[in-house]
Protein chains: 2
Amino acid sequence: MASRLANLGANPTAAVTHDGKEYNTFTEPPVALAQERAKAKFPVRELTYYLDGGEENTKKIEEMMLDIERNPIFSMDDQYDLPMEKNREITMQRVGVLSQYVQAAPEFESLKRFSIVGLIDASTTTRTGVHFGLFFGAVRSSGTNEQLAYWVSKGAGTLRRFFGCFCMTELGHGSNVAGMETTATFDKKTDEFVIHTPHVAATKWWIGGAAHTATHTVCYARLIVDGKDYGVKNFVVPLRDTEDWSLKPGIAVGDIGKKMGRDGIDNGWVQFTHVRIPRQYMLMRYTKVDSEGNVTQPPLDQLSYGALIGGRVSMAVDSSLWAARFLTIATRYAAVRRQFSSTPGEPESKILDYKFHQRRLIPRLAYTFAMRAGSEKLLQFHSKAMENMLNVDKNDKTALNSAIEDMKELFSLSAGLKAFSTWGTAEIIDQCRQSCGGHGYSGYNGFGQGYNDWVVQCTWEGDNNILCLSAGRALIQAGLSARKGGKVGDAASYITRSQELASKKLNGRDIRDPKVLVEAFESASARGINRAVDRYLELTEKKGLNQTQAFEELSQLRFEIARVHTRTYLIRSFFASVEAAKDSIKPVLSDLATLFALWSLEADSAQFLVSGYLSPDDIPQITTLVDEYNGKVREQVIPIIDAFNLSDFFINAPIGQYDGNAYKHYFDKVVRRNPNRESRAPYHERLVKPFMQRPEEEDDEDLEELVED
Amino acid sequence: MASRLANLGANPTAAVTHDGKEYNTFTEPPVALAQERAKAKFPVRELTYYLDGGEENTKKIEEMMLDIERNPIFSMDDQYDLPMEKNREITMQRVGVLSQYVQAAPEFESLKRFSIVGLIDASTTTRTGVHFGLFFGAVRSSGTNEQLAYWVSKGAGTLRRFFGCFCMTELGHGSNVAGMETTATFDKKTDEFVIHTPHVAATKWWIGGAAHTATHTVCYARLIVDGKDYGVKNFVVPLRDTEDWSLKPGIAVGDIGKKMGRDGIDNGWVQFTHVRIPRQYMLMRYTKVDSEGNVTQPPLDQLSYGALIGGRVSMAVDSSLWAARFLTIATRYAAVRRQFSSTPGEPESKILDYKFHQRRLIPRLAYTFAMRAGSEKLLQFHSKAMENMLNVDKNDKTALNSAIEDMKELFSLSAGLKAFSTWGTAEIIDQCRQSCGGHGYSGYNGFGQGYNDWVVQCTWEGDNNILCLSAGRALIQAGLSARKGGKVGDAASYITRSQELASKKLNGRDIRDPKVLVEAFESASARGINRAVDRYLELTEKKGLNQTQAFEELSQLRFEIARVHTRTYLIRSFFASVEAAKDSIKPVLSDLATLFALWSLEADSAQFLVSGYLSPDDIPQITTLVDEYNGKVREQVIPIIDAFNLSDFFINAPIGQYDGNAYKHYFDKVVRRNPNRESRAPYHERLVKPFMQRPEEEDDEDLEELVED
């Protein structure tokens, strides 16, 4: 192989010299990347600290990364070639490693470790997360303290003779959790619940861990007591014997098989046929059933909101991490890939130097920073709100209401951020792949698997479209509340300034001014919300529609206002975080933030034209500015990408490695993963040869004589 | 299994009745779909004839489909579970079948058969197409008649002891074909060419068939004679012995391995080390080299344009076919999937009845019809132009110029249509997948493999972005020509009416009028092109930029005008084909065409606002109309989908089958493909058990005494 990797001869377009040396397509890339790196005008390390939330975090993250990188169980060389069965096996080994850190580490570290492992192996994080996040999270948030202690004593805290899964989704019901059809019928005589799948469409579906691993599940089922349906509650149901892993009586499971991605997870389906569990296995922090069949329900639904939000917040956080990985690959490649020459006698141009290529990558780099800033702010809000919720004095009405208002805002804000960030990152992965041309389509540069693993984020734990519609509904409700002088949460507080914002126009001010850019988006967003509120009132008060009908009628508008509000939130969060950053990195961050806002403005220009904030004459200037900022950021783009601080191990793409030796690493990887000394197909003798060496068909001269005319 | 599929009991939300019967999530879907189907207000068969281009075509296509469906080699049940090695093997078997039809059938049938097979198995079509389309196509278009006859006599017409591949792309060069670095140096002494790979980055890359199958290749290499570089030409190079498939001396091949999709193709890399071929193996229809080393070059480059265009035209045609497949799945599923109830006591609503869900599917259905109309028109233009080109009298200057003008228009039109149609279909597949929620992520409903197989179309045979930029350049050139009173091809002929179009406004006319909609797009497109021409002239005449620099400066604008021009072409083609359709299907087609144009207008409203064609007050009306047309089309949507006439075999997705029995077929398929009588993982004893049954770690009480404080 070494000889193949060597330089086999001079460039035939030999007249081309570069920096005084003969230019060579194969050997030049690392030189080019080093030159790009040397252009840094800011302390790269400082930008890493900014991204990680401080030097201490960076150090912790680097320690975790090193630990993973060195662990042979996490060897990633064959990751893109694993057939499903092997993938699941390796995933199980990694679950064994990852799970041992969960208990030991504080929350920040646990979450970070999950994120980091997920970046290179999404299946492992999900398969571990099914137990610790979904099963254990449900027991903790919906069970009593005694129930939590009980299940921990059974092994739920350490994965000893215990692996929990999460039976929520059914074949026939996903988004509408309240419509699940599995039943949990109370049998007073035996003090048990009978869990039952009434028909095939009520089969639990997509259940991670169910096919082969899980011993227990949290099952969502309709509580039926004395023939009365109390709606969907949570029940712990044992699935397998913890000694020999055989199925418990009445439990049927199957393997869901092939998925678009995340094939390392043993997703399964589960049917319950009159399965009996002790009454005490129902999680009773909120609704309670006593042995007499008396049902007590909690006064406030909102108290159980919190459980699902954590997942959404994580997805918003992971969005910028994944985007950073694929942008690192595509941007480094663009800095060494040359195609077409503009000046005779010079090497071809780097594709990164084409304005159109900059358009494809650089605004999305800015977007990634914006997602980082926005999700960081959301994460802090989430911690605060969850803590308030858990500790609130339920007799203090004011405190309770304020906690509930926070939860509502958290619910709608996280819905919008989860949806648009996961979509944004899916689009970024796809764009990055395309920007690498054919090499983006190779399995070994990670884009295919990355996309396939990522996009489920747009569907699970709240389908993005449904989330947007519910965020849009919350914004209309906030708008209605604001009109009555009610309180509006922080993220949408600009609604209360609607009137003032409505009269704003650019009016010749500098569009690059952060204040102007934030104002532009706040005014557009407030205007959209107000229009939706007007239409809502018209539909309900004049046209006699009920709430549900009116909201249904306003679907498209709800989606749009959620979209613009989320974008506004990102722009504001990004500028705020730039403001708080160290001086040494402020200029580069400020360019990125301004670019992000201008690019957003350009893409959404229709609504600024409709509102009159912009006039048609402003538009060409904005496009020119986007090009200009792309050019500015391009000069520093390799140092910026370096600041993401993802090692080659976490990039796992030969064309995107740190040293820029793209063609060498890529060729090397392809040869290493496909060692074929045999130039024939494995099926050559059986299939290729008989077909390719079949004899010629001869003209059948006898045919004409076969039957007389 | 049968018992699992049976109805296991009553619906727990038992109060719900539907059409007088108790509602059941599992058994209701086929009933619901039959009801949708019964709503047809037009002759579905007639719409199929429209889509296929006439009754006779429909019958031919149905015959081909039946033939494929019945052939056990094309059994598709395990298609989504095939590991790469098995996939390649089955693909080779299918190549054997498909290739036997190529010679026998006229062009229409060959192309249709390739398209149809590609719809369910893209690898087979590509792997066969590598020989018949790329290799054989290159020999036919770039070789002399004698050369063609020679290679046919060697087996190139029938795949007997002959399989051709196509060595164009190199590791370091894709889009810039002229920059390829492989050399073909003429050796006068032996009357041979020496084919050589100068360094690793010049390795031929992505070569379909090279890893295991191909015996010969058409190789793109720089013609070097007496030290002079004549640029890239085509050479036939033998790769393997046709008896035992061993590699010829100097040929190194390797397997490219894992790709994002199309894993049934044995893509390989090829390096040539001083490989000698007879001079006569250079394809010499245009450039010729005689035995003395005299090189004669053709007067007109454009004469060799044609070869690559056929592939682009096919991709534009296939775009609507693939979109039809995935829309069939998503729309039928949406018509039987219910989620959330709006009226108590009624079943939940069909997701197809939600306005927002209609927004996701129905305009894309209209888009698919538009792509069909546009690609059909392109196909006809292509046939005519190619025929003219081949038969033109080269001494008739006028005829020659006209043929060349046609080729230029064909080049830029096919570039734009290929790019936006392949992107459009990628987006449609993705949207359709998401609209099926989690079930879209299952491997068995085909979206994952469909997307992964499809998206390479956006990259190969002309990267979409590069194609758009070149189409944009052609439009600027057409604009320049129009200003000088020159001729402009048919598709962009509206440029000559720029001045008249510039003054147009909606002015209260009915926006649903096809004439108004076409005018709106023609005016926007003409305006964009004119603005680009103005800027081009400013840059070249006032700012002193050369052509290349000016075009580079205008990249974003070039992309935009290509986009709007292509959309304009689709809208005009669609309305024209509606005009020519039978009366019985005109109403439904007219709704689709109007919806497509309105939806396009809404998405692009910024430019109509900037131009003043629309005023801000027009916008809400357009959104309302889009919703209204979605609602109208929704009523007939199942019959419209049925008219695509794709059988369950070609859909290959249990949730999208004709009878609508989505949950039954899906559950059935998952169980059939994953028969697990064993509830433990195959690696249970080795991995799960030792980890899960590891003993508890005990507190190490001795530790404190180990070292004295």
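The values are calculated or read from the model by the stated rules, or taken from the named source; none is laboratory data. Nothing here was measured: the structure is a model prediction, and the numbers come from that model. Backbone-built Cβ (ideal geometry, glycine too); neighbour counts: all protein chains shown. We work out accessible area using only protein heavy atoms, side chains counted, and drop any ligands, DNA or RNA first. Shrake-Rupley method; radii C 1.70, N 1.55, O 1.52, S 1.80 Å.
The set of residues from the stretch A:324-349 being more than 10 Å from chain B (Cβ to nearest Cβ) and of a type in the set (Phe, Trp, Tyr) comprises A:Phe326, A:Tyr333. So which residues in the stretch B:154-173 are facing chain A (nearest Cβ under 7 Å), open to solvent by 10 Å² or more (accessible area, probe 1.4 Å) and in contact with a strand residue (DSSP E or B) (Cβ under 8 Å, 6 or more places away or on another chain), if there are any at all? Matches in the stretch B:154-173: B:Thr169 only.
Just one of the listed residues (A:Thr422, A:Thr459) is in contact with a Cys (Cβ under 7 Å, 6 or more places away or on another chain) and outside the structural domain of A:Val130 (by TED's automatic domain parsing), namely A:Thr422. Scanning the stretch B:431-462 for residues that are touching a His at 6+ places or on another chain (Cβ under 7 Å) and either of a type in the set (Ser, Thr, Tyr) or within 7 Å of chain A (Cβ to nearest Cβ) (or both) yields a single hit, B:Ser435.
Within the stretch B:628-651, can one find any residue that is within 30 Å of A:Pro616 (Cβ to Cβ) and in contact (Cβ under 8 Å) with a residue 12 or more places away in the chain? For the stretch B:628-651, residues within 30 Å of A:Pro616 (Cβ to Cβ) and in contact (Cβ under 8 Å) with a residue 12 or more places away in the chain: present.
This table checks each residue for (1) hydrophobic (A, V, I, L, M, F, W, C); (2) crowded, with 23+ Cβ neighbours inside 10 Å; (3) more than 10 Å from chain A (Cβ to nearest Cβ).
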residue: B:Asp591; (1), (2), (3): no, no, yes
residue: B:Ala606; (1), (2), (3): yes, no, no
residue: B:Ser611; (1), (2), (3): no, no, no
residue: B:Pro616; (1), (2), (3): no, no, no
residue: B:Ile619; (1), (2), (3): yes, no, no
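So for the stretch B:222-232 (the condition being crowded, with 24+ Cβ neighbours inside 10 Å, in the same structural domain as B:Val289 (by TED's automatic domain parsing) and in contact (Cβ under 8 Å) with a residue 24 or more places away in the chain), does at least one residue qualify? Checked against the condition, which is being crowded, with 24+ Cβ neighbours inside 10 Å, in the same structural domain as B:Val289 (by TED's automatic domain parsing) and in contact (Cβ under 8 Å) with a residue 24 or more places away in the chain, the stretch B:222-232 yields no hits at all. In summary, B:Glu708 fulfils each of the numbered conditions (1) farther than 30 Å from B:Glu28 by Cα; (2) surrounded by fewer than 22 Cβ atoms within 10 Å (Cβ to Cβ); (3) at the interface with another protein chain (Cβ under 9 Å from one of its Cβ atoms) with the single exception of condition (3). Scan the stretch B:689-704 for residues that are surrounded by 10 or more Cβ atoms within 10 Å (Cβ to Cβ) and farther than 15 Å from A:Gly96 by Cα and the total you get is 0. Looking across the stretch B:209-229, the residues that are under 22 Å from B:Arg140 (Cα atoms) and in contact with a strand residue (DSSP E or B) (Cβ under 6 Å, 6 or more places away or on another chain) come down to B:Gly209, B:Ala210, B:Ala214, B:Thr215, B:His216, B:Thr217, B:Val218, B:Cys219, B:Tyr220, B:Ala221, B:Arg222, B:Leu223.
Selection of the stretch B:179-220 for residues being touching a Phe, Trp or Tyr at 6+ places or on another chain (Cβ under 6 Å) and of a type in the set (Val, Ile, Thr) yields B:Ile195, B:Thr197, B:Val200, B:Thr203, B:Thr213, B:Thr215, B:Val218. Only one of the listed residues (B:Lys394, B:Lys418) is assigned to a helix (DSSP H, G or I) and among the basic types (Lys, Arg). That residue is B:Lys418.
Check A:Val130, A:Val117 and return the single one that is touching a Cys at 6+ places or on another chain (Cβ under 7 Å) and at pLDDT 95 or above. Residue meeting the stated conditions: A:Val130.
Quick check on the stretch A:175-221: of everything there that is open to solvent by less than 20 Å² (accessible area, probe 1.4 Å), among the small types (Gly, Ala, Ser) and under 23 Å from B:Lys350 (Cβ atoms), which residue is nearest to the other protein chains (Cβ to nearest Cβ)? It comes out as A:Ala201. Which numbered condition in (1) away from chain B (no Cβ under 14 Å); (2) farther than 26 Å from A:Pro654 by Cβ; (3) assigned to a helix (DSSP H, G or I) is the only one that A:Phe42 fails? For A:Phe42, the failing item is (3). Is it fair to say A:Ser481 is in the same structural domain as A:Ala316 (by TED's automatic domain parsing) and within 25 Å of B:Asn176 (Cβ to Cβ)? Spelling it out, it is not the case that A:Ser481 is in the same structural domain as A:Ala316 (by TED's automatic domain parsing) and within 25 Å of B:Asn176 (Cβ to Cβ). Please enumerate the residues belonging to the stretch B:141-176 that are among the β-branched types (Val, Ile, Thr) and more than 25 Å from B:Asn294 (Cβ to Cβ). Matches in the stretch B:141-176: B:Val152, B:Thr158, B:Thr169. Checking the structure you have, find out if any residue of the stretch A:668-675 is within 11 Å of chain B (Cβ to nearest Cβ), buried (at least 19 other Cβ atoms within 10 Å of the Cβ) and in contact (Cβ under 8 Å) with a residue 24 or more places away in the chain. Within the stretch A:668-675, one or more residues are within 11 Å of chain B (Cβ to nearest Cβ), buried (at least 19 other Cβ atoms within 10 Å of the Cβ) and in contact (Cβ under 8 Å) with a residue 24 or more places away in the chain. Whenever a residue of the stretch A:97-113 is over 17 Å from A:Ala156 (Cα atoms), its partners that are surrounded by 16 or more Cβ atoms within 10 Å (Cβ to Cβ) and aromatic (Phe, Trp, Tyr), lying with C-beta atoms within less than 8 angstrom and at least six residues away or across chains, give the pairs A:Glu109/A:Tyr101; A:Arg113/A:Tyr101. Can you find even one residue in the stretch A:278-301 that is within 12 Å of chain B (Cβ to nearest Cβ) and either assigned to a loop (DSSP other than H, G, I, E, B) or polar (S, T, N, Q) (or both)? So far as the stretch A:278-301 goes, no, none of its residues is within 12 Å of chain B (Cβ to nearest Cβ) and either assigned to a loop (DSSP other than H, G, I, E, B) or polar (S, T, N, Q) (or both).
Restricted to the stretch A:628-709, the set of helices (runs of 4 or more DSSP H) holding at least 3 residues that are closer than 29 Å to B:Gly254 by Cα and out of contact with any Ser or Thr (no Cβ under 8 Å at 6 or more places or on another chain) comprises A:648-651, A:662-673, A:689-692.
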